[in-house]
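Below: one structure, written as structure tokens.
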2 protein chains.
Amino acid sequence: MSEREARLALSCVIEPATWRVTEAVARLGAERVWADLLRGPLQAPLSRRAREFRSEPVLEQAAAAGMRFIVPGDPEWPGRLAELEGCEPVNDLSGSPLGLWLRGGGDLTELTDRSVAIVGSRACTPYGETIAGEIAAELGKAGFVTVSGGAFGIDAAAHRGCLASRSATVSVLASGLDRPYPVAHRALFDRVAEDGVLVTEFAPGEHPTRSRFLGRNRLIAALAPATIVVEAGARSGARNTVTWANCLNRVVAAVPGSVHSAQSYTPHRLIRAAEAVLVTGAEEVLELLGPLGRRAARAPVESRPTDALDPEQLRVFEAVPARGGMSAGELSLRSGVPLGSCLGILDALAEQGFLEQDERWNWRLPRRRRAPTA
Amino acid sequence: MSEREARLALSCVIEPATWRVTEAVARLGAERVWADLLRGPLQAPLSRRAREFRSEPVLEQAAAAGMRFIVPGDPEWPGRLAELEGCEPVNDLSGSPLGLWLRGGGDLTELTDRSVAIVGSRACTPYGETIAGEIAAELGKAGFVTVSGGAFGIDAAAHRGCLASRSATVSVLASGLDRPYPVAHRALFDRVAEDGVLVTEFAPGEHPTRSRFLGRNRLIAALAPATIVVEAGARSGARNTVTWANCLNRVVAAVPGSVHSAQSYTPHRLIRAAEAVLVTGAEEVLELLGPLGRRAARAPVESRPTDALDPEQLRVFEAVPARGGMSAGELSLRSGVPLGSCLGILDALAEQGFLEQDERWNWRLPRRRRAPTA
């Protein structure tokens, strides 16, 4: 059995985020840990589960749900996750994941390379929801992907803000990706999976538990170079994410709010304790991300790729819908540019990377949208 | 002419807060500076003003308005002001004041010994006004006097909150105390003067100017061991007060608010730049003030002086109005305690320092309220 197969098997049979498992795999390798498990006492429930485990049905289940499994060393495995090895366990959890289940059109390493985790409470206020969406959208425009947990409240607002700026986004879940939790976000998760990616440590079919939410927080903190807490009450899980982010020496920031709002309790506490830097918007987040962030922050003001387009090209480009495709005829009508010119403009825009054609020859924005170099 | 007389004369003839004047007086003494001024060229307007100056009408004017003039070395002169000598000039202002004009029943040194400056913008929001009042009231209950500038907005809310907790308060003004500015706060200033004190560097009859407001900010920062910015826009004078407070190594704190509020711009900026510590309420301010502050903060929760009173005594004590006096007969009616018992209780309360009798033998709360040791 290969290391990859052993990691897959372990991640299905054992609670994968627990410290004893990740520590043993880091020290001995997954093959050895798996072999030891198989040789365990007949009656030990874990060893019995290991002996009964067959990977085929899991892989079929995963394939049916469009999921893939990656392990350290794969091109899509984010190098940042290795830094988790240096963290002390929190709530008996720690370590780099055994493997990750992914679903979606994005590449996890590419997406998280320039990313920001936005976290906060489920029971947030409209204020927090607005700011999470605004920051995610502004970061998206500056080329930064939002990583969050897909939960109600701040998480969902952040994912939606990111999507609204036509940026891909990453949801890290505490359940199997074939049953993403919460169920009410199924449509949101489908949109995330279009250009972004859904991520989890947990095997197909698995349900979230309290401990798995905490393990998930550790992955959110590890995947992004910065974590922003928008709103969080005294007992919010966001506090836990920040503990991980600080252990990982990530940039940690928090958004202030009314001193009378229970949902600003944790942000204020973190700022006061110098565990987080106060930020009032995306521009200040980008400043914290260093020269790379600052350049990106200024770029939309100084120049946009579309600045190089002439007015007629711009009218055609802006007629293309945010999602889905549209025929050249429809685009000619929408933009008011005659079909003859429109066809030439569409070709030119495709050549510059602004547009692409789908299988039915409709024009659409590129699936994995990169800022075209105009 | 004595040093005191020279300081008084200088403070009437020269713009007293300007760096050149305070620096010369600190180096040469006021007598020498005044003598030099008198010996100045015949045509020099300042020297002519000096030669024409007579102190008697000023002192009469001051006495009529209930004002007194203090100089360094007087018991009421706060030692903290000397620390201004170490500050670089800001806007051409610096240095310890030549003298201070005071009006009010309080002792400036006693009042500012345990004090907090609360500052902010005139054009504040209801949020800022509420918090300024809350913090000042809580600090007042913990035995801390609020120092502020008597302006509209945050200043007035802070003074009022302090007064509401039956604590004295200190207003530092940018005009002569016989014409306190703003005029609309005349009633407020009269209340401040009851148990607290109005303070200024500027001679009777003087009007406020932009430069004098800035000079006033320097005194606010210097008089209190801590300065709290509640709300301040990008160009608020509170920023100037903080510059002084930081130069003086005072505790500086700021209250967060909505990131969408222009009035929270400066507090957020200060916190972000580590020029101020984030505070969400009086308890956190008291923590910053150190062991003394913390003890005071806990005191109201752990025990109050009135805890030692029996229920009947408490009913009589609580029947005494917050302001003004009341006869024993009225207090008996209000408290429901028969007059015979009531008289004995009133005497006992007076003995313990909870009450006093005014000139018409009415019972009232002590003018300078100290926490009685029950």
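Just so it is clear, none of the values below were taken in a lab; they were calculated from the coordinates. Quick caveat, the model's predicted, so the values are computed rather than measured. Note that each Cβ is placed from the backbone with ideal geometry, even for glycine, and that neighbours are counted across all protein chains shown.
General observations
- Pairs of Cα atoms nearer than 8 Å and 6+ residues apart set the relative contact order; for segment A:50-209 it is 23 percent.
- Fluctuation leader among A:Leu339, A:Leu270, A:Leu223 - chain A, Gaussian network, Cα springs under 10 angstrom: A:Leu339
- Amide H to amide H, with H built 1.01 Å from N, A:Val277 comes under 5 Å of A:Val252, A:Ala253, A:Ala254, counting only residues 5 or more places away or on other chains.
- Modelled FRET efficiency - R0 60 Å, A:Arg323 with A:Leu38, Cβ distances, 0.05 increments: 0.80
- Unpaired cysteine residues in chain B (no second Cys Cβ under 4.7 Å): B:Cys12, B:Cys124, B:Cys162, B:Cys342.
- With a Förster radius of 22 Å applied to the C-beta separation of A:Arg68 and A:Arg191, the computed FRET efficiency comes to 0.70.
- Within a Gaussian network of chain A (alpha carbon springs, distance under 10 Å), most fluctuating of A:Ser47, A:Ser115, A:Ser96: A:Ser47
- Summing charges over neighbours of A:Glu60, with a neighbour being any other residue whose Cβ is under 12 Å away from its Cβ, gives -1 when K and R count +1 and D and E count -1.
- Residues considered: A:Ser264, A:Ser211, A:Ser175. Largest GNM mean-square fluctuation over chain A, using C-alpha springs under 10 Å, is found at A:Ser211.
- Altogether, the Stokes-Einstein calculation at 25 °C and 0.890 mPa s, with the Kirkwood radius of chain B over Cα pairs as Rh, returns a diffusion coefficient of 112 µm²/s.
- Normalised by the number of residues in chain A, the mean separation of alpha-carbon contacts (under 8 Å, six or more apart) gives a relative contact order of 13 percent.
- Inter-part distance, segment B:198-248 to segment A:171-216, computed on C-alpha centroids, equals 55 Å.
- Integer Hz, Karplus 6.51/-1.76/1.60 couplings in order for segment B:307-317, x for Gly and Pro: 4, 7, 7, 7, x, 5, 4, 5, 4, 5, 4
- Minimum Cβ-to-axis distance in chain A for the rotation onto chain B, with residue, whole Å: A:Pro256, 2
- Inverting the pair-averaged 1/r between distinct Cα atoms of the protein assembly as shown gives 30.9 Å as its Kirkwood hydrodynamic radius.
- The charge dipole of the protein assembly as shown, taken about its Cα centre with unit charges on the Cβ atoms of Lys, Arg (+1), Asp and Glu (-1) only, comes to about 120 debye.
- Taking one quarter of the surface of the convex hull spanned by the alpha-carbon atoms of segment B:3-53 gives a direction-averaged projected area of 3.1 nm².
- A simple rule links phi to the HN-Hα coupling: the Karplus curve 6.51 cos²θ - 1.76 cosθ + 1.60 with θ = phi - 60°, which for segment B:197-212 gives 7, 9, 10, 7, 8, 9, 5, x, x, 6, 9, x, 9, 4, 5, 5 Hz, with x for Gly and Pro.
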